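The structure appears right after this line, and notes come after that.
The values are calculated or read from the model by the stated rules, or taken from the named source; none is laboratory data. What you see is a predicted model, and the numbers here were worked out from it, not measured in a lab. Virtual Cβ from ideal backbone geometry, glycine too; neighbours counted across all protein chains shown.
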Amino acid sequence: MAGISKNTTIREFQDFIQGVYGLQNNRYFEVSEMLNNIQRFAMRGIKGIRKNNTKRTTKNLIISFSWLLSTLNRLHIDLEKETWNRFPYHCSYCGTIPCECKTKKVQKRVDVADIDDSKRPKTLNGFQKMFNDIYPYSTRTLEHAGVHLAEEIGEFSEVLIAYRNEKEDNDFKRILVEAADYFSCLVGVFNSLNVDLVSELANLYSNNCHECHNSPCSCSYSYIKNYKTED
Ligand SMILES: [Zn+2]
Ligand SMILES: [Zn+2]
């Protein structure tokens, strides 16, 4: 697969994950098992926040994000599209930039009809900057960003499990929203850490799978199942 560069888009990275991991994922994992990996690696990343270990947080959150994209690939959901639908250069709740939810005590989601597509970031890095414009890192602590990410993973998990059980369209629509919320909070942690997400992706995935360096990945089932980052 072509590597990741600073101009890589969210969609290109999602396609990269499909190319490298789609085959093994299809053979080895159910959606619920992929969800378990989204959660597992995110919690390790959050532990890194408590331990003041940026390297641990960064790597584990990237692996959680990769599992999220694998899950979205399985469900044919385009994260870039859903992120822009949810965050068209303003807060999804109060509708302003920067977000005024806290200062104005906004109680109800504001409907914003006008989406200016000319503002849509082109690259993943552009989306990271957009999220910092909407939710400046200076307005929260790193721990706050971590707690918010944990909350969103809980909400994403609930709705994904509900959809797997009942196959209701409404639950599927909520998956789209919760996936975008997860991504916004993941990027929020990177903004709080002042870490450039796409540079970290480029480092970790400089040569296909970060473990076997093949595309498609040829890691064994037991290797993937028992995988832990060394930090
Ligand atoms: Zn807001
Ligand atoms: Zn591999």
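Among residues of segment 204-218 that are more than 9 Å from Val20 (Cα to Cα) and in contact (Cβ under 8 Å) with a residue 60 or more places away in the chain, those with a beta-carbon under 7 Å from a residue that is aromatic (Phe, Trp, Tyr) and more than 16 Å from ligand 1 (Cβ to nearest atom) at least six positions away or on a different chain give the pairs Tyr205/Phe16. Does any residue in segment 49-63 that is polar (S, T, N, Q) and in a helix (DSSP H, G or I) come within less than 6 Å, Cβ to Cβ, of a residue that is modelled with pLDDT under 95 and surrounded by fewer than 22 Cβ atoms within 10 Å (Cβ to Cβ) six or more places away or on a different chain, and which pairs are these? Sorted first by the residue in segment 49-63, then by its partner, the pairs are Asn60/Thr229. Of the helices (runs of 4 or more DSSP H) lying entirely inside segment 71-140, the ones with 2 or more residues being of a type in the set (S, T, N, Q) and farther than 30 Å from Arg164 by Cα are found at 124-134.
Count of segment 149-159 residues, restricted to those that are surrounded by fewer than 19 Cβ atoms within 10 Å (Cβ to Cβ) and either under 16 Å from the mean Cα position of the chain (by Cα) or β-branched (Val, Ile, Thr) (or both), is 5.
Evaluating Ala162 against the criteria (1) out of contact with any Ser or Thr (no Cβ under 9 Å at 6 or more places or on another chain); (2) more than 16 Å from Leu35 (Cα to Cα); (3) surrounded by 15 or more Cβ atoms within 10 Å (Cβ to Cβ); (4) of a type in the set (Gly, Ala, Ser) leaves one unmet condition, (2).
Among residues of segment 97-120 being of a type outside the set (Asp, Glu) and either free of Cβ contacts under 8 Å to residues at least 12 places away in the same chain or within 16 Å of ligand 2 (Cβ to nearest atom) (or both), the one that is surrounded by the most Cβ atoms within 10 Å (Cβ to Cβ) is Cys101.
Listed conditions (1) out of contact with any Leu (no Cβ under 7 Å at 6 or more places or on another chain); (2) polar (S, T, N, Q); (3) in contact (Cβ under 8 Å) with a residue 40 or more places away in the chain; (4) in a helix (DSSP H, G or I) are all met by Ser222, apart from (3). Looking across segment 78-128, the residues that are over 24 Å from Asn7 (Cβ atoms), of a type outside the set (D, E, K, R) and modelled with pLDDT under 90 come down to Thr103, Val106, Gln107, Val110, Val112, Ala113.
Within segment 92-135, the residues that satisfy the criterion of being within 16 Å of ligand 1 (Cβ to nearest atom), out of contact with any helix residue (DSSP H, G or I) (no Cβ under 8 Å at 6 or more places or on another chain) and not aliphatic (A, V, I, L, M) are Gly95, Thr96, Glu100, Cys101, Thr103, Lys104, Lys105, Gln107, Lys108, Arg109, Asp111, Asp133.
Residues in segment 163-202 that are over 20 Å from Ile49 (Cβ atoms) and away from ligand 1 (no atom under 16 Å from the Cβ): 18 in all.
Residue-wise test of (1) out of contact with any Ser or Thr (no Cβ under 7 Å at 6 or more places or on another chain); (2) closer than 21 Å to Tyr137 by Cα; (3) within 12 Å of ligand 2 (Cβ to nearest atom); (4) part of a helix (DSSP H, G or I).
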residue	(1), (2), (3), (4)
Val187	yes, yes, no, yes
Phe190	yes, yes, no, yes
Val198	no, yes, no, yes
Ser206	yes, no, no, no
Cys212	no, no, yes, no
Ser215	yes, no, yes, no
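Residue check: is Glu178 charged (D, E, K, R), in contact with a helix residue (DSSP H, G or I) (Cβ under 6 Å, 6 or more places away or on another chain) and buried (at least 19 other Cβ atoms within 10 Å of the Cβ)? Criteria met by Glu178.
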